[in-house]
Amino acid sequence: SPLPDLVVVGSGFFGLTIAERCANELDLKVLVLERRHHVGGNAYSEREPETGIEVHKYGAHLFHTSNERVWEYVNRFTDFTNYQHRVFGKYDGQVYSLPLNLSLINVFFGKSHTPDEARALIAEQASEFRTEDASNLEEKAISLIGRPLYEAFIKGYTAKQWQTDPTELSPDIITRLPVRYNFDNRYFNDKYEGLPVDGYTAWLERMADSPNIEVRLETDFFDVRDEFQGKVPIVYTGPVDEYFGNSEGRLSWRTVDLEAEVVDVDDFQGCSVMNYNDQGVPYTRIHEFKHFHPERTYLPGKSVIVHEYSRFAEETDEPYYPINTAEDREKLLRYRDLAKKEPMTLFGGRLGTYKYLDMHMAIGSALSMYDNKLKPHFTEGAPLT
Ligand code: FDA
């Protein structure tokens, strides 16, 4: 078959944004290679068959942005509900409203505080360590919010996320631990927030729906790279270390295990996400997916819940969150040098750049790559890289 004008490796938001723009604005023939059996990367979701409840297969995905261009762009493919994300957390037999806010402080200390009283209380408790002197994550957190809140809301959760005692973790992992001295418990501060009305997969499939785009599922780039490499421009959104055969060593990632089950109860926990802050509870959170779409009609007496466990990723696990140790950063610099020498390949997305990117950031950065690299290359013959 004739060569396409552009090959995109990976059909997550980054790859699909590139493919959609090049196909629809530049009228290029785009071939998208995807090794999974579906498009959409980690934002993919599907209906649990028994209940019809939409489950985000790779962890809960909440869309939010303050970027006008990204908001305008995503609205071409989907409408959004007015869902606003809020998270609750269990600790020692009580439920608290997160993030750290005045309601949590009042419940936790068992008495009402004005904003100024709460501020003074936390400042007093935080005076145990100076932030500049903190030699590990525990000391840093205590210097920011004091020991009582740290021990209840940060210590156990962090230890479970990192499988490491916080006294063994670098203080650099946290820069700030914001405390809201009011009752605002919205999780995100962005101007726009919502969930795609008919689900993530419908949105993602609409992005790929063009006569100029061919998607080949269950196709690993590394099995077919000889057909394309050096012959057509490639936008690669897979892991950067894998592209170079891990020549500089593997970059380290955390992964999550997600265990979904149908429960015979209408409402399991009364909210979409409940964090579990006690160190003795092995999971970090439980998601109850029907609460993401309260506007939908559901079968009575059933719900889908997903327990989430966090751990270091092994070679065969899905890479989710970059760990970004000093060693990782050195390897990444070497991979970036190698990437610069690849004349026909551009690297993008969270795996291609080894950066945690929210969806709006992945889309925004793909739109920039399109503007700054692909469009000038294809319309004016500018060098690709
Ligand atoms: P993404 O990982 O989505 O896609 C890459 C694709 O490339 C995958 O489909 C993969 O199979 C494919 N691929 C890799 N190597 C390949 C190869 N060799 N050949 C063929 N295909 C290959 N964001 C947000 O805004 N709100 C949220 O609430 C969340 N929540 C969240 C939870 C969890 C657990 C994670 C891990 C991430 C989030 N995100 C998020 C982030 C969101 O998932 C992220 O922004 C997008 O996945 C980024 O899209 P990419 O296209 O960069 O990568």
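The values are calculated or read from the model by the stated rules, or taken from the named source; none is laboratory data. It should be emphasised that the depicted structure is a prediction, and the values quoted were computed from it without experimental measurement. Here the Cβ positions follow ideal geometry from the backbone for every residue, glycine too, while neighbour counts run over all protein chains shown. The accessibility values were calculated without ligands, DNA or RNA, using every heavy atom of the protein model including side chains. Shrake-Rupley method; radii C 1.70, N 1.55, O 1.52, S 1.80 Å.
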Express the carbon and sulfur contribution to the solvent-accessible surface of the chain as a percent, rounded to the nearest whole number, probe 1.4 angstrom.
-> 48 percent
Run through the DSSP bridge list for the chain and note the antiparallel percent, rounded to the nearest 5.
-> 60 percent
Sequence of V95, V256 when ordered by accessible area, the most exposed leading, probe 1.4 angstrom = V95, V256
C-alpha center-to-center spacing [the stretch 91-149, the stretch 260-300] in angstrom | 27 Å
Cα-only Rg/Rh for the stretch 99-173 with Kirkwood Rh rounds to 1.00
Which value, in debye to the nearest 20, describes the size of the charge dipole of the stretch 1-110 about its Cα centre when Lys and Arg Cβ atoms bear +1, Asp and Glu Cβ atoms bear -1, and nothing else is charged?
-> 260 debye
What lysines could a cross-link reach from K341, if we take a straight Cα to Cα line under 28 Å and drop same-chain neighbours fewer than 8 places away?
-> K29, K231, K331, K355, K373, K375
Hey, can you grab everything whose amide H is under 5 Å from the amide H of V32? Only 5+ residues off in sequence or another chain; H modelled, so Pro and N-termini drop out.
-> V8, E214, V215, R216
According to the square roots a ≥ b ≥ c of the eigenvalues of the Cα gyration tensor, what is the shape class of the stretch 34-91, taking rounded for a/c under 1.5, prolate for a/b larger than b/c otherwise, and oblate for the remainder?
-> oblate
Cα-projected label distance for S368 with L299, points at 7 Å along beta-carbon direction, nm = 4.6 nm
Just how large is the dipole of the stretch 99-173 about the Cα centre, in debye to the nearest 20, putting +1 at every Lys and Arg Cβ and -1 at every Asp and Glu Cβ?
-> 300 debye
Per residue of the chain, what 222 nm ellipticity follows from adding -39500 (n - 2.57) for every DSSP H run with n ≥ 4, rounded to the nearest 500?
-> -8500 deg cm²/dmol
Length gain on complete extension for the stretch L333 to N246, per 0.36 nm per residue less the alpha carbon to alpha carbon distance?
-> 30.0 nm
Among C22, A43, V87, pick out the residue whose Cα is farthest towards the positive end of the charge dipole of the stretch 1-98, where Lys and Arg carry +1 and Asp and Glu carry -1 on C-beta, about the Cα centre.
-> V87
Of the candidates P115, S170, S127, the farthest towards the positive dipole end of the stretch 99-173 (Lys/Arg Cβ +1, Asp/Glu Cβ -1, centred on the Cα centre) is P115
Taking the highest mean first, how do the peptides 40-50, 357-367, 233-243 order by number of other beta carbon atoms within 10 angstrom per residue?
-> 233-243, 357-367, 40-50
Can you sort H56, H61 by 1.4 Å-probe accessible area, starting with the largest?
-> H61, H56
Just by accessible area at a 1.4 angstrom probe, what is the order of L217, L62, L204 from largest to smallest?
-> L217, L62, L204
Subtract the Cα-Cα distance of S66 and V107 from 0.36 nm times their separation in residues, and report this length gain in nm to one decimal.
-> 11.5 nm
Separation of the E50 and N75 label points, Cα + 7 Å toward Cβ, nm | 4.0 nm
Of Q125, Q94, Q84, the most mobile residue in a GNM of the chain (C-alpha springs, cutoff 10 Å) is Q94
Over the chain, average the accessible area per residue using a 1.4 Å probe and give it in Å², no decimals.
-> 47 Å²
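Determine, from the Cβ-Cβ distance of T131 and Y187 and an R0 of 22 Å, the FRET efficiency 1/(1 + (r/R0)^6), rounded to the nearest 0.05.
Using R0 = 22 Å, I get an efficiency of 0.30.
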Quote to one decimal, in nm, the extra length available between I323 and K375 on full extension: 0.36 nm per residue of separation minus the C-alpha distance between them.
-> 15.4 nm
Dipole magnitude of the stretch 69-195 about its Cα centre (Cβ charges: Lys, Arg +1; Asp, Glu -1), debye to nearest 20 | 460 debye
Roughly how large, in nm² to one decimal, is the mean projection of the convex hull of the alpha-carbon atoms in the chain?
-> 20.9 nm²
